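Trainee: Pasting a structure here, questions to come.
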Amino acid sequence: MKNIFLLAILGIFLISCSTDKAESADLIFTNGIIYTVNESQPTAEAVAVKNGMILAVGTTEEIEKHKAENTEMIDLKGETMTPGLIESHAHLMGIGYNKLELDLMYVKTYDELVEKVAEAVAKSKPGDWITGRGWHQDKWIEKPEKIVKGFQTNDQLNEVSPDNPVFLRHASGHAAFANGKALELAGISNLKGERPGEVEGGEIIIDELGNPTGILSERAAGLVARLIPAETPERAEEALTLALKELNEKGITSFHDAGSGQNVIDLIQKFKNEGKLTVRQYVMLTGTQPALLDEWYKKGPMIDSADHMLTVRSIKLNCDGALGNRGAWLLEDYSDRPGHRGHETLPMSVVSEVSEKAIPAGFQVCAHAIGDRANQEILDRYEAAFANYPDSKKLRFRIEHAQHIHPDDIPRFGEMGVIAAMQAIHLSSDRPWAIDRLGEKRIIDGAYVWQKLMQTGAVVTNGTDAPVEPVDPIPSFYASVTRKTLQGLPDGGYEGDQKMTRSEALKSYTLDGAFAEFDEDFKGSIEVGKAADFTVFDKNIMEVPEDEILDTKVAMTVVGGKVVYKK
C-alpha cells in the first residue's frame, strides 16, 4: 500500500512537471536586468509571455522551461527592463499637433521666436494663420528690450507678419501671444477704460497707453483661439499618428489624456478598431463641455475590460492657471507682482456640481490645480462631495499638478485618498524662477513636495504634461531623484529632502499610474497574470550615477507582448 501511495505521489509530480513544461511561451525576454516593481520579487533575469500576458517571471533557468519550438527569444543584451511606463498627465492630440505647427519649446530668445514666425510667413499665403506652441519667457537666455508685466510685446511680431494672423500658445498652455492682425480680427484694440484688459477668468495684458501687447492670459486666449479654422479629420488623424509614434519611441505604454471631447474619443476608437492604437489610453472627459458630461452621466463610464486599450471613466476640470504667466490661483499675492493672485478659471461651484454628479455615475474627477488657493478650494469641494460616501477613498479623485500647496492642506491628500498627479520635470524647468513668483517660504513649505505628500499616504503619479514639456520620461525620472535642473544644478538639488528614491520614482511612473486609472491589477508591475507591457533602457537607470541618467535612451517598447518600438 505504501508503494502504491509513493507511486501516486510520483505520478502527480511528473504530471505537474509535464504540465509546466507544456505551458509554452510565445515570447521570452532574457539576458537583461529586470526591475519588476513587485515587492515580493523586486528583480528578475527573464520573463515569459503568452497571449500578451506575463506567463512567468524568474531566473533564466526557470524561464527556459517555457521555451518551445515556436517561442520567440528576445536577447536584452544586458539592458534594463521595467514595467511599461505610464504617462499620467499629458495631452495626446497636443503632442501630435505640436509636430504639425511651429515648435517653440527650444527657442532661447524672443528674436529667435520672431525668426521662426518670419520663416513660416514666407511659406504661407496672406491671411493664413500661423500657429505654434512652446515658448516660455522665463526660459529665454536674454530678455527683450520692451517688457510689460513680465512679458514681451508684439511689435516685432507685427513687423514680420503684417498680413498673417499669428497665435502662439505659451508652453504651459495657459497664455498665448498674438500679433496685431490676430487681435484686429478678434476685435481687440485700445482698451482704455475703468477695468482695462479684464476678462472673466483671464487677462488681456496692455501697455501704459492701453494698447494690447499681444499677451492673452488664461481664458482671454479664447478670444482669438476661436477664430482659428477648425481642424480637418485628415489632419487630426495625422496628429494622432505622430503622437502615438512619439509615445512608442519614448517608452510610454499607457497614457492618461488630460481632457478631450467626443471627437478625440471617436478618433482613438477608430484607431483601435483599425489595429493602429499602439498605446493604452485612459481618457478624461473635458469639463469645458457641460453637454458632453451630461451625456456621459446618463450612459456611464466606458471601461475596457477586454483588452484595456481605451477607457473613459474620468472628468478633467481646469480650475486655475499656471505659474509661468502668473495665472495660478494663490492665497497671497505673487511676490513679483503685488496685488495679483492669479485666476480662478472655473467657478468652484462647478467643481461641487460635477463631483456630486460624477460619484453616483461612476466617474473619477481630476481637477487641475497649481496654486495653493486652487488646491485648497478643490479639496474643500471634494470633501463636501465625499461626505455621503463612507468608502470615498475608493473614488480615487485626483488633483492634477498639485504643485503649490498650503502646508495645512498637504495631509488632506492622504486623509481623503486624493491622488496627486504630478510632473517632476516641472521642478527642473520651473524651480529656478518659481521662487521669484512665490518667495522662499512658500517654495520650501509647499512647492513640489513629493515626499511630504507620500508621507501622508497619498499616491503620487508622474508624467510630463506634454506638450508643455517633452513627453520623454527620462528627464522627469532624473528630476524625481535629483531635484536638479537638466543642467545639473544646484548641487544637492532644490529642497533635496523632497527627492524620490529611484524605486519611488519608478513606481510613480508605473504601478502608481496604473492605480490612478483603477488598473493596478492588470498592469504597472511585472507579475504573472499581468499585461506584458515593458520599457527597455540602454542604461540601468536604477543604478548608474545620476549624471548618466539623462544619457539613457529607450531601446524597446512592448505593449501587450508586441514590440511597438525598437531602437
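The values are calculated or read from the model by the stated rules, or taken from the named source; none is laboratory data. As the structure is a computational prediction, the values presented were derived from the model and not from experiment. Note: ideal-geometry Cβ built from the backbone for every residue, glycine included; neighbour counts use all protein chains shown.
Trainee: Please find, within region 306-344, the residue that is modelled with the lowest pLDDT out of those that are of a type in the set (S, T, N, Q) and crowded, with 21+ Cβ neighbours inside 10 Å.
Mentor: By that ranking, first place goes to Asn325.
Trainee: Please identify the pairs in which a residue from region 334-359 that is at positive phi has its Cβ atom under 7 Å from the Cβ atom of a residue that is part of a loop (DSSP other than H, G, I, E, B), counting only partners at least 6 apart or on another chain.
Mentor: Gly339/Asp333; Gly342/Gly321; Gly342/Arg326; Gly342/Gly327; Gly342/Ala328; Gly342/Trp329; Gly342/Leu330; Gly342/Gly371
Trainee: Something else now. Can you tell me how many residues within region 28-61 are crowded, with 21+ Cβ neighbours inside 10 Å and either closer than 14 Å to Ala532 by Cα or in the same structural domain as Tyr509 (by TED's automatic domain parsing) (or both)?
Mentor: Looking only at that region, the number is 12.
Trainee: Right, another one. Note down all Cβ pairs under 8 Å where the first residue falls in region 221-238 and is of a type in the set (D, E, K, R), the second is not in a helix (DSSP H, G or I), and they're at least six residues apart or on different chains.
Mentor: Once the first residue is of a type in the set (D, E, K, R) and sits in region 221-238, its partners that are not in a helix (DSSP H, G or I) give Arg235/Leu100; Glu238/Leu100.
Trainee: Let me ask something else about it. Restricting to region 452-464, and then to whatever is out of contact with any Ser or Thr (no Cβ under 8 Å at 6 or more places or on another chain) and on the phi < 0 side of the Ramachandran plot, can you tell me which residue is surrounded by the fewest Cβ atoms within 10 Å (Cβ to Cβ)?
Mentor: Applying the filter and picking the extreme gives Gln455.
Trainee: So which helices (runs of 4 or more DSSP H) are wholly in region 43-160 and hold at least 2 residues that are under 31 Å from the mean Cα position of the chain (by Cα)?
Mentor: 92-98, 110-122
Trainee: Filter region 98-131 for residues that are crowded, with 22+ Cβ neighbours inside 10 Å and not aliphatic (A, V, I, L, M); which is modelled with the highest pLDDT?
Mentor: The extreme case among them is Tyr110.
Trainee: Here's another thing I want to ask about it. Cβ contacts < 9 Å: first residue touching a residue at least 24 places away in the same chain (Cβ under 8 Å), restricted to region 255-278; second residue surrounded by 19 or more Cβ atoms within 10 Å (Cβ to Cβ) and of a type in the set (Lys, Arg), any location; separation 6+ or different chain. Result?
Mentor: Every condition considered, the pairs that remain are Phe255/Arg280; Asp257/Lys316; Ala258/Lys316; Gly259/Lys316; Ser260/Lys316.
Trainee: What are the residue pairs meeting all of these: first residue in region 450-464, first residue among the charged types (D, E, K, R), second residue buried (at least 24 other Cβ atoms within 10 Å of the Cβ) and assigned to a loop (DSSP other than H, G, I, E, B), Cβ atoms under 9 Å, and 6 or more apart or on different chains?
Mentor: What qualifies is Lys452/Ile405.
Trainee: Further question: Would you call Asp207 at pLDDT 95 or above and either over 30 Å from Pro347 (Cβ atoms) or of a type outside the set (Lys, Arg) (or both)?
Mentor: no
Trainee: In addition: Only one of (1) of a type outside the set (Lys, Arg); (2) on the phi > 0 side of the Ramachandran plot; (3) within 21 Å of the chain's Cα centre (by Cα) is not met by Val449, so which one is it?
Mentor: The failed condition is (2).
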